[in-house]
Amino acid sequence: MARPQAADYDNRRQDMLDRAAALYARHGFLGASIADLAIACGVSKSLLYHYFGSKEDILFEIMTDHVEQLRGVVAQVMSNAPDDPAEQLRRLTHAFLHAYVSAADRHKVLVNDLDKLPEDRRRSVIATERELIDQVGSVLAQLGPRFGTTPAERRASTMLYFGMINWTHTWYDPAGPIDTDELARQVIAIWLGSPDR
């Protein structure tokens, strides 16, 4: 007989995903066993399997939750931003960096362990990432020829932008002397060649 679903099922599931993301971020997907995950989540292995079918399912959900959150961030920024592409880029940069900081473990898992997913699941995550890349690329295209005059050049500029911000989790400490908004202002100053104040 199947175990009945608890009233707090969704909250417990989300907590387990958060704990799993922290474990994967520290040890990598391959460095964490189901037993490690159960210990980190404070549950038995059988209860963990009640919530998730496999270790890979957990990895996939961590990544899809994260990229869907980023998709929502972009949608919110673009629905409220003025038509000025420079202001759109400023707002996107602040929003991306805040999202990365608030979901640092999930972001680290995404950038470090995407290749651990099977091809069909990896394609699903990559499709959402490409949507985000295309949206930023369209903003850069509106900023003029300095970001490229051909699709290939604009794509390179877009990937350089993400290269600048996507790896901040490897060195940036939000509790350090530079807060997240100041970091975003520095990115904008470098990227647009003008201060963001």
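The values are calculated or read from the model by the stated rules, or taken from the named source; none is laboratory data. In this text, all values refer to a predicted model and were calculated from it rather than measured experimentally. FYI the Cβ positions are ideal-geometry reconstructions off the backbone, even for glycines, and counts take in every protein chain you see.
Could you say whether any residue in the stretch 185-196 is hydrophobic (A, V, I, L, M, F, W, C), over 20 Å from ARG91 (Cβ atoms) and surrounded by fewer than 18 Cβ atoms within 10 Å (Cβ to Cβ)?
Within the stretch 185-196, not a single residue is hydrophobic (A, V, I, L, M, F, W, C), over 20 Å from ARG91 (Cβ atoms) and surrounded by fewer than 18 Cβ atoms within 10 Å (Cβ to Cβ).
For the stretch 32-82, which positions are part of a helix (DSSP H, G or I), without any contact (Cβ under 8 Å) to a residue 24 or more places away in the chain and buried (at least 17 other Cβ atoms within 10 Å of the Cβ)?
Across the stretch 32-82, the qualifying residues are LEU37, ALA38, ALA40, VAL77.
If you scan the stretch 155-197, which residues turn out to be part of a loop (DSSP other than H, G, I, E, B), hydroxyl-bearing (Ser, Thr, Tyr) and closer than 20 Å to VAL101 by Cα?
TYR172, the sole residue that qualifies.
Note down all Cβ pairs under 7 Å where the first residue falls in the stretch 106-124 and is under 12 Å from ASN166 (Cα atoms), the second is modelled with pLDDT under 95 and among the polar types (S, T, N, Q), and they're at least six residues apart or on different chains.
Pairs that qualify, where the first residue is under 12 Å from ASN166 (Cα atoms) and the partner is modelled with pLDDT under 95 and among the polar types (S, T, N, Q), are VAL111/ASN166.
Suppose we filter the stretch 155-174 for residues that are without any contact (Cβ under 8 Å) to a residue 12 or more places away in the chain and closer than 26 Å to ASP84 by Cβ; how many remain?
Residues flagged as without any contact (Cβ under 8 Å) to a residue 12 or more places away in the chain and closer than 26 Å to ASP84 by Cβ within the stretch 155-174 amount to 3.
Looking at the stretch 179-191, I want the residues that are farther than 17 Å from SER157 by Cα and have a partner that is polar (S, T, N, Q) with Cβ atoms under 6 Å, at least 6 apart or on another chain. Which pairs are those?
These pairs meet every condition: ALA184/THR93.
Among the numbered criteria (1) under 23 Å from ALA184 (Cβ atoms); (2) out of contact with any helix residue (DSSP H, G or I) (no Cβ under 6 Å at 6 or more places or on another chain), which single criterion is violated by GLU119?
It is condition (1) that GLU119 fails.
Hey, does the stretch 139-154 have a residue that's buried (at least 18 other Cβ atoms within 10 Å of the Cβ), free of Cβ contacts under 8 Å to residues at least 12 places away in the same chain and part of a helix (DSSP H, G or I)?
yes
Yes/no per residue for (1) crowded, with 18+ Cβ neighbours inside 10 Å; (2) within 11 Å of ILE62 (Cβ to Cβ):
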residue	(1), (2)
LEU110	yes, yes
ASP115	no, no
GLU119	no, no
ARG122	no, no
ILE126	no, no
ARG130	no, no
ILE133	no, no
GLY137	yes, no
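Taking the stretch 73-97 on its own, how many of its residues are more than 9 Å from the chain's Cα centre (by Cα) and under 30 Å from LEU30 (Cβ atoms)?
So the answer is 2.
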